[in-house]
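Just so it is clear, none of the values below were taken in a lab; they were calculated from the coordinates. Quick caveat, the model's predicted, so the values are computed rather than measured. Here Cβ is always computed from backbone atoms with ideal geometry, including for glycine, and neighbour counts include all displayed protein chains.
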Amino acid sequence: MATLRLLVRHAKQVVMVCNKGQLALPGAAMNQLAVLTKSDQSSSTGYSIVVDNCGTIDAIGPDEEIDKEFSPKDFTNIIDATDMCVLPGLVDGHTHPVWAGDRVHEFKMKLRGASYMEVHASGGGINFTVRHTRQASEDDLYNSFQKRASNMMKNGTTLFEAKSGYGLDVDTEIKMLRVIKRGIDNFPIDISATYCGAHSVPENLTMEEATDDIINNQIPAIKELIDQGSLQVDNIDVFCEKGVFDVPSTSKILKAGKETGLALNFHGEELHPLQSAEMGAKLGARAISHLEMVSDEGIKAMASSGTVAVLLPTTAYILKLSPPPARKMIDNGVAVALGSDFNPNAYCLSMPLVMHLACIILKMTMEEALAAATINAAASLGKSKRQGSLEIGKLGDMLIIDAASWEHLIYQMGNQESLIKYVIKGGNIVYHR
Ligand SMILES: N=CN[C@@H](CCC(=O)O)C(=O)O
Ligand SMILES: [Zn+2]
């Protein structure tokens, strides 16, 4: 009877990312990754990883040491990773994966020069998707959500953040959160759920009325369903932007979410500098996304509060924005994470492509990009005690890639999923090609 779930052996490289139980890698630490590499001169056959029947990593080390302690007959599954590299499962810190109504027509408008806010102000953008999402059935939303999540998994994601926010009324927001809950209950990979009822001001309300509806109707209704166990919600989000929710309204909504037990994780400083990073840091936000326009003071405030910066290179790419100052953030000691920002404006489900874009557009090193897409993204979701690195005591969430070194996952521009041989969640093989 096998007492252990998985043995991966003979790996050429094991990228642990960190090996001292760090909960995040801020600033310069993002460049110091823990990597085990078999040297060509060594007589060793490579590195092994042992995952127990609870899905936890029990041992990592040279094959010869692991072979002394464990026997192949102890394992349900054994993977021969000769000439392959093992990395932690990727973590996507920011996605909008539940919606109906794609916006391919807006891509055309933007190519002709329309800005994101011009499209938004003319009734397109988020509000276009809201109209379609309100009409869609929960089953239809779930089916498309499932396809998107499975695409993320094939691209190496083992944990992702998923937002509501295309409902903007209590019934549709709850419908979206129910779709996410079905995903949490049924998908093999993990999901951190975010309530984002303040993603846009609904067409029939003012910002003040929308703020009031969120605080006095939506949050209490969602709290009741969380308490009954029919919803699971981890974070609260607001799109804090000129013409959407201003800083005082954002702060009120975030405080109401915090009182309900939700972690603060919001959109800030994307198109206009509003000092929302300073406000978020003061409120103890766990993460702020976008930050294209963050000020030096905002960066310092986030470094001191330990607020993770979730950067989204797909947005800067597709909207031709000046990118967020990633270098300045890292130089000032901020923990930078990455997200795909998958949404009908930025249709990207691949974290390897996001890491590639982070290197080119945000001028990050490959080490920084990997730290940002693993341990720091896990920290942005409060999950880094168990996820985001390959260490004893953490979950056996990993990728095995068929490449000469881990950097190939970032270096290749597109089609990186062809390198991914196995995606493993808690020691279970959830995808194999
Ligand atoms: N900026 C706000 N929200 C999304 C876009 C959502 C949409 O356009 O549908 C973002 O993070 O990029
Ligand atoms: Zn977003």
Quiz item: Given the pairs Lys110/Lys175; Lys154/Lys181; Lys68/Lys421; Lys12/Lys363; Lys110/Lys147; Lys255/Lys282, which span a C-alpha to C-alpha distance of over 19 angstrom in this model?
Solution: Lys110/Lys175; Lys154/Lys181; Lys68/Lys421; Lys12/Lys363; Lys110/Lys147
Practice problem: Have a look at the DSSP beta bridges in the chain and tell me what percent are antiparallel, nearest 5. | Solution: 45
Quiz item: Which of Ser289, Val308, Leu262 sits closest to the plus end of the dipole of region 261-313, meaning its Cα is farthest towards the positive end, when Lys and Arg get +1 and Asp and Glu get -1 on the C-beta?
Solution: Leu262
Self-check item: Shape metrics for region 290-433, restricted to C-alpha atoms - Rg then Dmax, Å
Solution: 15.4, 47
Quiz item: Cα centroids of region 154-178 and region 7-51: how far apart, whole angstrom?
Solution: 33
Quiz item: Do the sum for the chain: with -39,500 (n - 2.57) for every DSSP H run of n ≥ 4, divided by all residues, what is the mean residue ellipticity at 222 nm, to the nearest 500 deg cm²/dmol?
Solution: -10000 deg cm²/dmol
Exercise. Treat the count of other C-beta atoms within 10 Å as a stand-in for reagent exposure and order Lys300, Lys108 from fewest to most.
Key: Lys108, Lys300
Quiz item: For region 229-251 and region 324-340, what is the separation of their Cα centres, given in Å?
Solution: 22
Self-check item: Mean separation of Cα contacts under 8 Å (6+ apart) over length of region 47-137, as relative contact order %
Solution: 18
Self-check item: Diffusion constant of region 90-381 at 10 °C, which comes from Stokes-Einstein with the Kirkwood Cα-pair radius and 1.306 mPa s, µm²/s
Solution: 86
Quiz prompt | Degrees separating the helix 170-186 axis from the principal Cα axis of the chain, which is the longest one | solution = 10
Quiz item: How high is the relative contact order of the chain, given as a whole-number percent (alpha carbon pairs under 8 Å, six or more residues apart)?
Solution: 22
Quiz item: Angle, helix 296-305 long axis vs. longest principal axis of the chain, Cα atoms, 0 to 90°, nearest 10?
Solution: 60
Quiz item: What list of ³J(HN,Hα) values in whole Hz, one per residue of region 195-206 in order, does the Karplus curve 6.51 cos²θ - 1.76 cosθ + 1.60 (θ = phi - 60°) give from phi, with Gly and Pro shown as x?
Solution: 7, 10, x, 9, 7, 6, 7, x, 4, 9, 10, 7
Quiz item: Using modelled amide H (1.01 Å from N, peptide plane; none on Pro or chain starts), what sits under 5 Å from the amide H of Asn53, excluding residues fewer than 5 places away?
Solution: Arg5
Exercise. Using amide H atoms built 1.01 Å from N in the peptide plane, name the residues 5+ places from Ala337, or on other chains, whose amide H lies under 5 Å from its own.
Key: Ala309, Val310, Leu311
Quiz prompt | Under Karplus coefficients 6.51, -1.76 and 1.60, residue-wise ³J(HN,Hα) of region 348-364 in Hz, glycine/proline x | solution = 9, 10, 10, 5, x, 5, 4, 5, 4, 5, 4, 5, 7, 7, 9, 6, 8
Quiz prompt | Reachable aspartates and glutamates, given that their alpha-carbon falls under 14 Å from the alpha-carbon of Lys20 and they are not under 8 places away in the same chain | solution = Glu391
Quiz item: Check Ile79: other-chain or 5+ apart residues with amide H under 5 Å from its amide H, H built from backbone geometry?
Solution: Leu7, Val8, Arg9
